Amino acid sequence: MSSIYEPGFQGHIGRTYRDSTPWWPEPPAGLGGPNIVMIVLDDLGFSHFGAFGSTLRSPNVDRLAANGLRYTSFHTTALCSPTRAALLTGRNHHSVGMRGVSNWSTGFPHMRGGISTRAATLAELLRHQGYATFATGKWHLAPMEETSAAGPHHNWPLQKGFDKFYGFLQGETDQFFPELTRDNTHIDPPAGPDDGYHVSEDIVDQSIAYINDLVSVRPDRPFFHYLAFGAMHAPHQAPQSYLDRWKGHFDEGYEVFRDRWFARQVELGIIPADTTLAPLNPGVPRWTDLTDNQRAFSCRLQEAFAAMLEHTDDQIGRLVTYLTDRGLIDDTVVLVMSDNGASREGGPFGVMDEFSFFNGMWEDVDDIVANRLDDIGTPHSHSNYPWGWAQAGNSPLRWYKQNTYGGGVRDPLIVHWPAGIDATVAGQIRHQFCHAVDITPTLLEITGTPAPATFNGVEQLPMHGRSIVPTFTDAAAPAPRRVQYFEQMGHRGIWADGWKATTYHEAGQPFESDQWGLFHLDEDFSECHDLAAEHPEKLQELIELWWIEAGDKGVLPLDDRTIELFGGAPRPGTVHARPNYVYVPPLSHIPSDASPSLGARAWTVTADVTVADGDQGVLYARGSHNVGHSFFVKDGVLHFDYNALGTHTRASAPVSLGAGRHSITARFDREGKAGSIVIGVDGTDLASAPVPKIIRMLGSTGTDIGRDALSPVVDDYDGTFPFTGTIHSVTFDIRSKRDAADIAAIAATEMARE
């Protein structure tokens, strides 16, 4: 007798166990396979690791390179969400619904903000093979409006194949005050910067704990660990001891360091000796043309970046040391890579707080140098370095992240696997063209994991990538594929058999007017010698091939919109499909993209409370030390603080809240580019304050009800300052729409937060 409850049961079921035969399924095929640790850094340029040419400190990564393989022609999609989707599925990003960052959902199949069920992730496939699967750090593969506690959760890490997750769901986070999620639950950080907390240390602590729990109890079970740092994405923040050791290091300027790093790349064999160093990108000022204060500001911003990289490298070193001490390192495939080129979001001069640029509130560099230079890299900054330092980090390449030139899509890749990479080739360099889509097929081959035609009942897309395993032993092995297209926000490119055609697209201009350049990458590493005029037939061949690939991989329709993506009416079925929000505490922290859209709008917030004599605390807080709101009662005074990048506008009034129930309100009224705050109790206005310049974007930190959970918006209170009375509800009513200028600023912000 078989069992209707377990199809496939191969034993025999009689009336009792005495006349029955037990049967157990075979253990998963993956038991005994190699472990995998995939380490992804964010916005790290081609030359930033010491092993790829820079003089920055990355000794732990460099040791992995010295005992593994370095790939100098590894390519990505030029943005983070699309690259991560390609890395984890083996398919091109348009094909799986991640054309751009997961903040977008355009109504077309290539931009849904989550990975299609037609592309099972590497974690899903390996878990089916018997692997334990863990993810720590940045996710950014779920639509941001779905990242509140209300979900839906189907695009969160656990629903995409990971057994455990600890990290943040957004594209960026404050490194000292992160918006953390454990599995499917938002949590508070375990400590603060005064306690020595930094999120990179925290996620590595969790990584080690996950692995240690597994190998202690089930040493026969291999693991796949996806470790995605927030570094090196802005804000560039590091512990003070790291910041201190870089002071004064970059005073010679980015042109000197770019030349120095370029020379090291030639010396190391990372680039051919005849490579041309790309000229300064358009808009990059000469170092000698900057004022003394601009140079001081620029140097300090780069110091923060260098400190953050060194700190991140030390965390990678801690993980590698653990794997070594536990005897795991030899049969663990460790991959280290970046998701795109160095960031362009700091502009030509750099920013103390990137939200100043997005809000059109231009920073006074002279004032920063005089009063705030030492804040850079600390919990009191949200900085990003200027274009000149970004281009140095992309040496010898042109352009940056977001672009389909090398500076956007050519990134470092290191593969370390003592059991699978012979010691005789360890430390060698591989120059074969490969792409993010080739990583999953490589790891499936290493682990013996099939790529099924259907998964969970869903027909699967074919794998677009191919394994690079042959290159582990053969420096002359051919590239795994002959063609790879690129597209990002209208920028386009295609590589085929050593040739590359690419465009730089101006948003809003006809795609037909784009000028294509032609480069023979086998002889022109940095894409500096345009051969379009000499080989028009080759260029036309590649352009036609691009259109073929675009049709085949789901790239169309071409879409260069940014402003329009944020200006339409909210979609039904999303968190913003209404003009009012009613929150009843206790409530989890609400991420920024799921919070009420208050920036640049008229709105009213109403707190329905019951108090006793002396009750006080935060009613509502949004944002952080750099930008946001705090609505609170302290020492018998009601306050609403409108924090505009450190410039505080405050409406305050003494209140005598008798014991009982009260309605406490704050109202923002907009008048053009300015506005006013009015606060009141029980229908009576008590105080008002003019707001000289409105904030369009309230930062990347979300909303708290009844406390200020992360980076405090104001200095009036220590810690979270929870409200001691009872909050029955806090209601937000949005009373106006954004204008075109507001939408443009919001679009720019969202682009930089990926």
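Out of (1) of a type in the set (S, T, N, Q); (2) at pLDDT 95 or above; (3) more than 28 Å from ARG430 (Cβ to Cβ), what's the single condition that is false for GLN509?
Single failed check for GLN509: (2).
Can you tell me which residue in region 546-579 is modelled with the lowest pLDDT, limited to those that are surrounded by fewer than 16 Cβ atoms within 10 Å (Cβ to Cβ) and in a helix (DSSP H, G or I)?
So, considering only residues that are surrounded by fewer than 16 Cβ atoms within 10 Å (Cβ to Cβ) and in a helix (DSSP H, G or I), the one modelled with the lowest pLDDT is GLU564.
ALA78: in a helix (DSSP H, G or I), in contact with a Gly (Cβ under 9 Å, 6 or more places away or on another chain) and hydrophobic (A, V, I, L, M, F, W, C), yes or no?
Considered against the rule, which asks whether it is in a helix (DSSP H, G or I), in contact with a Gly (Cβ under 9 Å, 6 or more places away or on another chain) and hydrophobic (A, V, I, L, M, F, W, C), ALA78 comes out as no.
So for region 245-254 (the condition being closer than 27 Å to SER526 by Cβ, in contact with a strand residue (DSSP E or B) (Cβ under 7 Å, 6 or more places away or on another chain) and either of a type in the set (Lys, Arg) or surrounded by 15 or more Cβ atoms within 10 Å (Cβ to Cβ) (or both)), does at least one residue qualify?
No, every residue in region 245-254 fails to be closer than 27 Å to SER526 by Cβ, in contact with a strand residue (DSSP E or B) (Cβ under 7 Å, 6 or more places away or on another chain) and either of a type in the set (Lys, Arg) or surrounded by 15 or more Cβ atoms within 10 Å (Cβ to Cβ) (or both).
Of everything in region 201-238, what is among the charged types (D, E, K, R) and closer than 28 Å to ILE376 by Cα? Give them in sequence order.
Selection gives GLU201, ASP202, ASP205.
Looking only at region 323-352, filter to residues that are more than 28 Å from ASP43 (Cβ to Cβ) and not polar (S, T, N, Q); which one of those is surrounded by the most Cβ atoms within 10 Å (Cβ to Cβ)?
Residue satisfying both the conditions and the ranking: LEU328.
Does region 453-497 hold any residues that are among the small types (Gly, Ala, Ser), touching a residue at least 60 places away in the same chain (Cβ under 8 Å), touching a strand residue (DSSP E or B) at 6+ places or on another chain (Cβ under 7 Å) and farther than 30 Å from ARG127 by Cα, and which are they?
Selection gives GLY493 alone.
Consider GLU179 carefully, then state whether it is touching a residue at least 24 places away in the same chain (Cβ under 8 Å), buried (at least 24 other Cβ atoms within 10 Å of the Cβ) and assigned by TED's automatic domain parsing to the domain that holds VAL437.
Considered against the rule, which asks whether it is touching a residue at least 24 places away in the same chain (Cβ under 8 Å), buried (at least 24 other Cβ atoms within 10 Å of the Cβ) and assigned by TED's automatic domain parsing to the domain that holds VAL437, GLU179 comes out as yes.
Mind telling me which of the residues LYS164, LYS160, LYS138 ends up being in the same structural domain as PRO239 (by TED's automatic domain parsing) and surrounded by fewer than 21 Cβ atoms within 10 Å (Cβ to Cβ)?
The match here is LYS164.
Being in contact (Cβ under 8 Å) with a residue 40 or more places away in the chain and within 26 Å of the chain's Cα centre (by Cα) is the filter here; which residues of region 442-452 pass it?
LEU443, LEU444 - these are the residues of region 442-452 that are in contact (Cβ under 8 Å) with a residue 40 or more places away in the chain and within 26 Å of the chain's Cα centre (by Cα).
With the requirement that a residue be modelled with pLDDT of 95 or more, more than 18 Å from the chain's Cα centre (by Cα) and in a loop (DSSP other than H, G, I, E, B), what does region 380-418 give you?
Passing the criteria: PRO386, ASN394, SER395, PRO396, LEU397, ARG398, TRP399, THR404, TYR405, TRP417, PRO418.
Only one residue in ALA532, ALA476, ALA507 is under 30 Å from the mean Cα position of the chain (by Cα) and either of a type outside the set (Phe, Trp, Tyr) or closer than 30 Å to GLY269 by Cα (or both). Which one?
After applying the criteria, what remains is ALA507.
Looking at SER73, SER102, SER95, can you tell me which residue is touching a helix residue (DSSP H, G or I) at 6+ places or on another chain (Cβ under 6 Å) and closer than 17 Å to ASN340 by Cα?
SER102
Looking only at region 280-303, which residues are free of Cβ contacts under 8 Å to residues at least 24 places away in the same chain and either closer than 13 Å to ARG398 by Cβ or touching a helix residue (DSSP H, G or I) at 6+ places or on another chain (Cβ under 8 Å) (or both)?
The one that is free of Cβ contacts under 8 Å to residues at least 24 places away in the same chain and either closer than 13 Å to ARG398 by Cβ or touching a helix residue (DSSP H, G or I) at 6+ places or on another chain (Cβ under 8 Å) (or both): PRO282.
Does any residue in region 251-271 that is closer than 12 Å to HIS48 by Cα and of a type in the set (S, T, N, Q) come within less than 8 Å, Cβ to Cβ, of a residue that is in a helix (DSSP H, G or I) and at pLDDT 95 or above six or more places away or on a different chain, and which pairs are these?
That search, which allows pairs on different chains as well, returns GLN265/PHE52.
Which of the residues that make up region 128-169 are within 20 Å of ILE36 (Cα to Cα), in contact (Cβ under 8 Å) with a residue 40 or more places away in the chain and in a helix (DSSP H, G or I)?
Result: HIS128, LYS160.
Conditions tested, residue by residue: (1) within 30 Å of TRP387 (Cα to Cα); (2) among the β-branched types (Val, Ile, Thr); (3) surrounded by 14 or more Cβ atoms within 10 Å (Cβ to Cβ).
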| position | (1), (2), (3) |
| --- | --- |
| ILE36 | no, yes, yes |
| ILE39 | yes, yes, yes |
| SER47 | yes, no, yes |
| ASN67 | no, no, yes |
| SER73 | yes, no, yes |
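Just give me the residues in region 214-241 being within 11 Å of ALA132 (Cα to Cα) and in a helix (DSSP H, G or I), in sequence order.
Scanning region 214-241 gives LEU214, VAL215.
In the set PHE305, PHE257, which member is closer than 27 Å to ASP524 by Cα and hydrophobic (A, V, I, L, M, F, W, C)?
PHE257
Residues checked against (1) under 33 Å from the mean Cα position of the chain (by Cα); (2) hydroxyl-bearing (Ser, Thr, Tyr):
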| position | (1), (2) |
| --- | --- |
| SER688 | no, yes |
| VAL691 | yes, no |
| GLY699 | yes, no |
| ASP718 | yes, no |
| ILE727 | no, no |
| PHE732 | yes, no |
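Could you tell me how many of the residues in region 203-223 are in contact (Cβ under 8 Å) with a residue 24 or more places away in the chain, under 19 Å from GLY137 (Cβ atoms) and out of contact with any Lys or Arg (no Cβ under 7 Å at 6 or more places or on another chain)?
7
Just for region 600-645: of the residues that are free of Cβ contacts under 8 Å to residues at least 60 places away in the same chain and within 36 Å of the chain's Cα centre (by Cα), which one is surrounded by the most Cβ atoms within 10 Å (Cβ to Cβ)?
This residue is PHE640.
The values are calculated or read from the model by the stated rules, or taken from the named source; none is laboratory data. Quantities reported herein were computed from a predicted structural model and do not represent experimental measurements. Quick reminder, even Gly has a Cβ in these numbers, built from the backbone with ideal geometry, and neighbours come from all protein chains shown.
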